Amino acid sequence: MTPHPRLPLQAVLFDMDGTLVDTERLWWEAVERVAGRTLGEADEPDVLGRPVEYTAQWLADSTGRSGADLAAELHREFADRVRTGIVPRPGALDLLDALAAAGVPTALVTASPRAVADLVLAALGAGRFAASVTADDTGRTKPAPDPYLAACRALGVDPAGCVAVEDTETGVASAEAAGCAVLAVPSLAPIGGAPGRTVRDTLVGITPKQLSDMAVPELRVMSWNLWLGGSRIDDHRAKQVKAVLEAGADVVGLQETAGTSARELAEALGWYHHTAGENLGIISRYPITARLGDPEVGFYGAAGVRIAVRPGREVDIWTAHLHYTPYGPYEFHFDGLGAAELIAHEEVRLGQLREALRRIGGGDGAVPVVLVGDFNCPSHLDWRDVEWPVTKAAEQAGFRDSYREVHPDPVTAPGHTWSPIHPVREDGSGRPEPQDRIDYVLHRGLRVLDSRTYVSGIPAPWPEVAGNDWPSDHAAVVSTFAVES
């Protein structure tokens, strides 16, 4: 079955009890009947989302009765209740119909036995599902990944392109272990949030497009030169935190950290961080699974991390800072240098970038890469007469400029990042400061959804900057990517 061509979502895999139909309470009642007592919160881990045999053995351990006899009794009690009391969960049938209309295949994945699943399938309409996996169909059931992996094999889809819809922690653990994104709609017990997991109160209003966005998560990457750690601005750390949150960034590649900014920002945000040398850092709301490059890198250079956007979906993020002299726009505007001389004067920065590209490597395409940074040089995509070699080298290494992908015309969308606080030269001459795009979010292996420059408020010009809301002398660049499998 071929998914809808406009949706990268390959399939949606539904738990049954408590997710599609309101049987979780029926199961709870059945266990209480067999146990001969009222169940409480402490019993939830051994009852909710568990196969019959597990709960039967749990009861056997405390009662001394035969596990096989208890399993048979639980089957009977639960099946009797299903036949007479099955009720679809709110929004479940509408979502199934919408997925069918969009051409997205669905599967039923349950820890219940086949006999019970078939009763539910008959009530919902077995034709709504392209496959079903029950406790009878795999050697291990939830929380092991086996049921979801079996469903993906039956549909011929990649787990990384699927969303599992679950209502218990046990089911969520199974789906995430298989590599699926998860939409959790808790029925009886709460479920916490996590990377790659969306928690909602109900299926009402959920659309195929929303599920597709869950399967192909968005990653918002920000490049930001903090300007000496932000020390020229009053209350700079709080303003930096506010800017990151307002930009909606998921990960930020930092330059000019003054050594401690990455750690302090991450602590304030509750994020992960990596600090390299005295100048570079990366903060991420997603877990950092590896640290890349030389941790003792000098003031100029590059450092990276690998982040887990969700289970089975990782992205490498690198931040770079290249030397600031000689500065090409000054040499062009003030010294009148031509293209050949300007290009020749990029040797230091070009060497620094090539070293960064060497450390990043060519890769096999399995892990996408984002390279951000303050390159201190213009782009060959912006200047008609100068083939600036630094950005050209990145392009030749397979990196694409996210801002220019979204805004291909440098005249209508110049994207200047230097400088929001320098309309005129800092030397007191009164000459206009050349405005240019020298900060970048480059990528290899991702799809760009949006890119923009970002400055909060209207910064006062140098030198009266201490009260600015924007705690930097650079604009940030914020790009949003679809992280596809």
- request: Restrict the check to region 432-440 and report whether at least one residue is under 30 Å from the mean Cα position of the chain (by Cα), open to solvent by 10 Å² or more (accessible area, probe 1.4 Å) and more than 21 Å from residue 333 (Cα to Cα).
  value: no
Taking region 446-482 and keeping residues surrounded by fewer than 20 Cβ atoms within 10 Å (Cβ to Cβ), closer than 30 Å to residue 215 by Cβ and either modelled with pLDDT under 95 or within 17 Å of the chain's Cα centre (by Cα) (or both) leaves 447, 448, 449, 450, 482
Within region 361-393, restricting to residues that are closer than 16 Å to residue 327 by Cβ and among the aliphatic types (A, V, I, L, M), the one that is surrounded by the most Cβ atoms within 10 Å (Cβ to Cβ) is 390
Taking region 129-143 and keeping residues over 12 Å from residue 53 (Cβ atoms), crowded, with 20+ Cβ neighbours inside 10 Å and of a type in the set (Val, Ile, Thr) leaves 133, 134
Exercise for the section: Kindly indicate whether any position in region 368-378 is part of a loop (DSSP other than H, G, I, E, B), within 26 Å of residue 453 (Cα to Cα) and hydrophobic (A, V, I, L, M, F, W, C). Expected result: yes
Of (1) modelled with pLDDT of 90 or more; (2) surrounded by fewer than 23 Cβ atoms within 10 Å (Cβ to Cβ); (3) under 30 Å from residue 154 (Cβ atoms); (4) among the acidic types (Asp, Glu), residue 53 fails just (1)
Reported set for region 94-123 where residues are closer than 21 Å to residue 211 by Cα, in a helix (DSSP H, G or I) and open to solvent by less than 20 Å² (accessible area, probe 1.4 Å) is 95, 96, 99, 102
| query | Has region 332-354 got any residue that is under 25 Å from residue 220 (Cβ atoms) and either buried (at least 16 other Cβ atoms within 10 Å of the Cβ) or out of contact with any Pro (no Cβ under 8 Å at 6 or more places or on another chain) (or both)? | reply | yes
Residue 273 passes all but one of the listed conditions (1) at pLDDT below 95; (2) buried (at least 18 other Cβ atoms within 10 Å of the Cβ); (3) of a type outside the set (A, V, I, L, M, F, W, C); the exception is number (1)
The correct count of residues that are at pLDDT below 90 and open to solvent by less than 10 Å² (accessible area, probe 1.4 Å) in region 2-20 is 2
Inset, instruction - Confirm whether residue 244 is over 22 Å from residue 19 (Cα atoms), crowded, with 20+ Cβ neighbours inside 10 Å and touching a Ser or Thr at 6+ places or on another chain (Cβ under 7 Å). - result: no
Filtering region 299-348 down to residues that are over 23 Å from residue 369 (Cβ atoms) and in contact with a strand residue (DSSP E or B) (Cβ under 7 Å, 6 or more places away or on another chain) yields 329
Note on region 64-93: residues within 13 Å of residue 119 (Cα to Cα), surrounded by 14 or more Cβ atoms within 10 Å (Cβ to Cβ) and of a type in the set (A, V, I, L, M) are 79, 82, 86
Does any residue of region 394-405 turn out to be of a type outside the set (Phe, Trp, Tyr), touching a strand residue (DSSP E or B) at 6+ places or on another chain (Cβ under 7 Å), at pLDDT 95 or above and open to solvent by 40 Å² or more (accessible area, probe 1.4 Å)? yes
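The values are calculated or read from the model by the stated rules, or taken from the named source; none is laboratory data. Note that the coordinates shown come from a computational prediction; the quantities given were computed from them, not determined experimentally. Methodologically, a virtual Cβ is constructed for each residue, glycine included, from the backbone with ideal geometry; neighbour enumeration extends over all protein chains shown. These accessible areas exclude ligands, DNA and RNA; they are computed on the full protein's heavy atoms, side chains included. Shrake-Rupley method; radii C 1.70, N 1.55, O 1.52, S 1.80 Å.
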